[in-house]
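The values are calculated or read from the model by the stated rules, or taken from the named source; none is laboratory data. Predicted model only: the values in this text are computed from it and were never measured. Because the Cβ atoms are built from the backbone with ideal geometry, glycine has one as well, and the counts that use them run over all protein chains shown. Heavy atoms of the whole protein, side chains included, go into the accessibility calculation; ligands, DNA and RNA do not. Shrake-Rupley method; radii C 1.70, N 1.55, O 1.52, S 1.80 Å.
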Amino acid sequence: MIAGEASGDLHGGALAEALFKRIPSLRLIGFGGQAMRRAGVDVVFDIERLGVIGIFEVLLHLKAVTQAYRSAVRILKEGVDLLVLIDYPDFNLRLAKAAKRIGIPVVYYISPQIWAWRSGRIKTIAERVDKMLVILPFEKEIYDRAGIPCEYVGHPLLEAMDPASNPPFSRETYLRMKGLDPSRRVVGLLPGSRKREVSFLLPTLLKSVELLAKEIPGLQVLIPVASSLPKSWVAGIVHSSSAPITLVEGEAGEVMRASDALVVASGTATLQAALAGTPMVVVYKVAPLTYRIARRMIHLRSIGLVNIVAGAPIAPELIQSDANPERIRREVASILSDDARREKMIESLKGIAARLGVPGASFRAAAAIEQALETGERSREALS
């Protein structure tokens, strides 16, 4: 089971738990982080070493990526029954090619965003992947048209945010546990789960809340540190800021529900924030050259998953030069002060959950993986 970043680790952990419930004797080995370890996966390569973004930024971490790939191929050659890939497409599709050469079936959980950019990868997926397990409803139609075996399992975030399967959440209790005052405004900053991403975004976000703190007396700022990042490294960036920052390890969902407004790096976290029902500003920055190239390749009006799934611009998006301290400050201040805008956004966010299906994605994905294991076993018996 291969995850390459924090969101993949989160979904991989939930998937592993579901798999162990179905097949207690199963052995899971792979790449991941804290969530997969807690679930019982034998994590042999930590995703802290893999969190890179951008076309040219990968070159800065080429040694770690190469080591990871060789380690994964070695494990495949030692003998596994099935390879489960979780998102992280550039690395995982290459590994899928190695698996096919060896004769190991491949299940891909959480599709590459071929509907957003690099749509030509669907040919690669057809050659290297035995079954796709997709989490967005419109993805299944894409794979069905291409003749690729595909099952829509729903979005795993629905489980993490489902009140029926999680203990009740108290904003007041949570904030007091963190030493904060529930009567004061709280802004949550989620700058991403990869070092390069955070390096681009976090200094800008810190400057924006420094400006905001001058405008809103008693402002409190929460930053959940992704499992793929060393907390000490993030603390080093935050240290020089004059803003009232509180760092927490993980707990992104709790921070989202405890905050009055969020500033969120574009990605899965925007959907998680939507399910929490908290108004947000979506931001993103990469290296200028990467951005210029990506801009020509991406064919979507929105980059935030929250807006893509909604089919409408629910949350403001600030990209590249627009993601500057003053613009971010202005948008967050507007969300906090304009009651009509705030309530409209909250109401719009309520429709996101309905578009993502029903809870139980991890269990449905686990059932499909169990079936793939059984099919593989029957194939081996027939050959013998």
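You will find that of 270, 204, the residue that is open to solvent by less than 60 Å² (accessible area, probe 1.4 Å) and in contact with a Gly (Cβ under 7 Å, 6 or more places away or on another chain) is 270 and no other. Put simply, of 227, 208 the only residue that is in contact (Cβ under 8 Å) with a residue 12 or more places away in the chain, within 16 Å of residue 281 (Cβ to Cβ) and not basic (Lys, Arg) is 208. Restricting attention to the range 316-341, the residues that are closer than 28 Å to residue 137 by Cα and open to solvent by 30 Å² or more (accessible area, probe 1.4 Å) total 2. For beta carbons closer than 6 Å, sequence separation of 6+ or different chains, a first residue in the range 22-33 that is aromatic (Phe, Trp, Tyr) and a second that is at pLDDT 95 or above, the qualifying pairs are 31/2.
Those strands (runs of 3 or more DSSP E) of the range 55-173 in which at least 3 residues are open to solvent by less than 30 Å² (accessible area, probe 1.4 Å) and either of a type in the set (Lys, Arg) or modelled with pLDDT of 95 or more (or both), considering only elements entirely within it, cover 83-86, 106-109, 131-134. Just so you know, in the range 31-47 the residues that are buried (at least 21 other Cβ atoms within 10 Å of the Cβ) and in a helix (DSSP H, G or I) include one that is modelled with the lowest pLDDT, and it is 47. Cβ-Cβ contacts under 7 Å between residues 6 or more apart (or on different chains), taken from a first residue in the range 165-180 that is within 11 Å of residue 254 (Cα to Cα) to a second residue that is basic (Lys, Arg), are listed as 169/257; 171/257.
The requirement of being of a type in the set (Asp, Glu) and either assigned to a strand (DSSP E or B) or in contact (Cβ under 8 Å) with a residue 60 or more places away in the chain (or both) is fulfilled nowhere in the range 181-195; no residue meets it. Against the numbered list (1) surrounded by 14 or more Cβ atoms within 10 Å (Cβ to Cβ); (2) of a type in the set (A, V, I, L, M, F, W, C); (3) in a helix (DSSP H, G or I); (4) under 20 Å from the mean Cα position of the chain (by Cα), residue 354 comes up short only at (1).
Would you check if residue 365 is within 30 Å of residue 80 (Cβ to Cβ), in a helix (DSSP H, G or I) and open to solvent by less than 50 Å² (accessible area, probe 1.4 Å)? Explain how you work it out, then say what you get.
On the way: within 30 Å of residue 80 (Cβ to Cβ): yes; in a helix (DSSP H, G or I): yes; open to solvent by less than 50 Å² (accessible area, probe 1.4 Å): yes.
Criteria met by residue 365.
May I ask you to list the residues in the range 174-199 that are hydrophobic (A, V, I, L, M, F, W, C) and either open to solvent by 70 Å² or more (accessible area, probe 1.4 Å) or closer than 27 Å to residue 353 by Cβ (or both)? Steps first, please.
As a first pass, look at the range 174-199 and keep what is hydrophobic (A, V, I, L, M, F, W, C): 175, 177, 180, 186-187, 189-190, 198.
Across the range 174-199, the qualifying residues are 175, 177, 186, 187, 189, 190.
On inspection, residue 257 fails the criterion of being at pLDDT below 95 and either at positive phi or of a type in the set (Lys, Arg) (or both). As a summary of the residue check, residue 313 satisfies the conditions (1) at pLDDT below 95; (2) under 24 Å from residue 357 (Cα atoms); (3) buried (at least 19 other Cβ atoms within 10 Å of the Cβ) except for the one numbered (3).
When the range 225-245 is filtered for residues that are open to solvent by less than 30 Å² (accessible area, probe 1.4 Å) and closer than 17 Å to residue 332 by Cβ, the ones remaining, listed by number, are 241, 243.
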